[in-house]
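Trainee: The structure is given below, and queries will be raised subsequently.
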Amino acid sequence: MSETGGRAVWLLALGQTLVYAGSYYAFPALLPDLEAATGWTKSELALGPTLAFLVMAGLTPFTGRLVDRGLGGEILVWLPGLAALGVAGLGLVGSLAGWLALWAVIGIAQAGSLYETCFAFLTRRLGTGARAAITRVTLVAGFAGTVAFPLGHWLGRALGGQGALIAFAGLVALVVPVNALAVRQLRRRERAGLVLAPTPPGTLQAALKKPAFWMIAASFMAVYLNHGILITYVLVLFADRGVEAGLAALAAAAIGPSQVAGRLILLAAGARVSTAQATIAALSSVVVAGALLWLAGAAPVLIFVFSLAQGAGLGLTSILRPVLIAEILGRQGFGAISGAAAVAPILASAAAPSVGAGLLAFGGPELVYAVCLALAGLGLALMLVLLARWRQETG
């Protein structure tokens with residue numbers, strides 16, 4: 001087994017792709033078909049994923065503690081199975097109350113199935129080799145939406161919205177054997193004598209007393225709120241910039257591949273670029289993207305450059321956030337610390353559609369541009385202060 005995890009990391013990457021495609025992107029990919037199948041409004045249907053976000057935010061610190069106790073592998077194997085059952089249930093439910101209850105179940109499963117748990121598990125197993133491993137996972141899983149949207153289009157037409165969800169549940173169920181094989185391979189390191197030290201008690205409490213923890217959480221919360229608002233209303237904002245529907249859809253579709261492109265650049269850079277340097281570059285890219293979107297009113301072609309900058313910047317944050325936490329706050333108790341730090345960004349993602357709707361209603365697209373640019377600037381400013389303090393402390 002290499003220091004970056006070898007084949008096991010690629011298996012986890014496949015598992016993340018399938019679980020994101022089947023439990024995260026299936027909803028937006030099937031939204032028109034679900035409206036037709038259930039008769040519920042977009043707002044009523046969207047209550048489900050929002051509830052899942054809230055449940056996930058509440059449970060992520062707990063699942064992080066379980067990773068610290070050596071149970072990360074069990075979580076990554078069995079909770080995708082629970083997610084598959086929840087998604088399958090969505091395909092059969094006939095009431096809005098049942099719809100919400102099943103999304104709560106999915107939120108429980110996602111707290112132990114998605115990036116946070118996977119990255120905590122890799123950090124615990126691979127130590128300094130985790131950054132390269134996490135990059136590889138996100139390179140593959142960045143195509144989850146690319147898988148889900150065409151598949152949703154085809155399955156929705158063939159099976160209807162709820163029938164398609166049952167098919168997506170089958171996709172999620174495949175994660176169980178894939179992750180099981182990956183976990184078994186990574187755990188061979190322990191049998192080879194690389195036994196991991198237990199986490200000292202009080203590690204999370206000590207981290208919570210450090211200003212660095214709160215600055216990391218606040219910085220990424222601002223950036224994720226920025227991205228959540230922009231990605232939810234991207235077509236509305238592009239139309240306001242004077243872009244016709246076909247070009248707007250093309251530019252929006254470029255955000256996902258741009259995330260993968262940003263990750264490829266980081267992978268190619270390797271150790272030549274520090275985590276701090278990469279983080280500043282990523283958050284600066286989001287600030288530039290916000291400015292470009294505002295300027296696109298005068299030059300609509302800038303929406304394509306916006307998509308490249310926004311996608312690349314956000315694509316890097318999913319890698320850099322866990323690595324930054326490990327470097328600044330330490331690897332002891334990483335699962336619990338990373339899970340606690342993830343609560344703010346997850347809540348920001350959950351709130352983003354409602355916040356964006358309020359901004360549009362109150363001040364129109366111009367207010368959205370201003371607030372999102374301010375959020376990106378706030379995230380960058382907090383990170384600059386944090387890293388400056390960290391350099392002073394570490395000499």
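Trainee: Is it the case, given these coordinates, that ALA111 is buried (at least 20 other Cβ atoms within 10 Å of the Cβ) and within 25 Å of GLY142 (Cβ to Cβ)?
Mentor: Here the answer is yes, as ALA111 does meet what is asked.
Trainee: Just to check your reading of the model, which residue among GLY315, GLY290, GLY311 is touching a Lys or Arg at 6+ places or on another chain (Cβ under 8 Å) and either modelled with pLDDT under 90 or within 23 Å of LEU237 (Cα to Cα) (or both)?
Mentor: Of the residues listed, the single one that is touching a Lys or Arg at 6+ places or on another chain (Cβ under 8 Å) and either modelled with pLDDT under 90 or within 23 Å of LEU237 (Cα to Cα) (or both) is GLY315.
Trainee: Between a residue in the stretch 258-269 that is farther than 19 Å from HIS227 by Cβ and any residue that is of a type outside the set (S, T, N, Q) and open to solvent by 10 Å² or more (accessible area, probe 1.4 Å), which pairs come within a Cβ distance under 7 Å, given they are 6 or more apart or on different chains?
Mentor: Close Cβ pairs (under 7 Å, with a partner that is of a type outside the set (S, T, N, Q) and open to solvent by 10 Å² or more (accessible area, probe 1.4 Å)) amount to LEU264/LEU139; LEU267/LEU139.
Trainee: Would you pick out the residues in the stretch 114-147 that are open to solvent by 50 Å² or more (accessible area, probe 1.4 Å) and charged (D, E, K, R)?
Mentor: ARG124, ARG136 - these are the residues of the stretch 114-147 that are open to solvent by 50 Å² or more (accessible area, probe 1.4 Å) and charged (D, E, K, R).
Trainee: With LEU54, LEU66, LEU59, LEU34 as the choices, which residue is at pLDDT below 90 and farther than 17 Å from ALA182 by Cβ?
Mentor: LEU34
Trainee: Quick one: in the stretch 226-284, of everything that is outside any helix (DSSP H, G or I) and buried (at least 20 other Cβ atoms within 10 Å of the Cβ), which residue is nearest to the chain's Cα centre (by Cα)?
Mentor: Among residues in the stretch 226-284 that are outside any helix (DSSP H, G or I) and buried (at least 20 other Cβ atoms within 10 Å of the Cβ), the one nearest to the chain's Cα centre (by Cα) is TYR233.
Trainee: Could you grab me the full set of residues in the stretch 285-297 that are open to solvent by 10 Å² or more (accessible area, probe 1.4 Å) and without any contact (Cβ under 8 Å) to a residue 60 or more places away in the chain?
Mentor: Scanning the stretch 285-297 gives SER285, VAL288, LEU292, LEU295, GLY297.
Trainee: Pairs please, first residue from the stretch 58-86 and over 20 Å from GLY202 (Cα atoms), second anywhere and part of a helix (DSSP H, G or I) and of a type in the set (Phe, Trp, Tyr), Cβ atoms under 7 Å, 6+ apart in sequence or on different chains.
Mentor: So the pair list comes out as GLY73/PHE121; LEU76/PHE121.
Trainee: Please find, among LEU367, LEU384, the residue that is open to solvent by 40 Å² or more (accessible area, probe 1.4 Å) and closer than 25 Å to ILE265 by Cα.
Mentor: The conditions single out LEU384.
Trainee: Same structure again: Is it fair to say ALA46 is surrounded by fewer than 23 Cβ atoms within 10 Å (Cβ to Cβ) and over 22 Å from VAL176 (Cβ atoms)?
Mentor: yes
Trainee: Also, I was wondering about something else. Looking at (1) open to solvent by 40 Å² or more (accessible area, probe 1.4 Å); (2) more than 21 Å from the chain's Cα centre (by Cα); (3) under 25 Å from GLY39 (Cα atoms), can you tell me which one PRO150 breaks?
Mentor: Going through (1) open to solvent by 40 Å² or more (accessible area, probe 1.4 Å); (2) more than 21 Å from the chain's Cα centre (by Cα); (3) under 25 Å from GLY39 (Cα atoms) one by one, PRO150 breaks only (2).
The values are calculated or read from the model by the stated rules, or taken from the named source; none is laboratory data. Quantities reported herein were computed from a predicted structural model and do not represent experimental measurements. Glycine also receives a Cβ, built like all others from the backbone with ideal geometry; neighbour counts cover every protein chain displayed. For accessibility, only protein heavy atoms count, side chains too; no ligands or nucleic acids. Shrake-Rupley method; radii C 1.70, N 1.55, O 1.52, S 1.80 Å.
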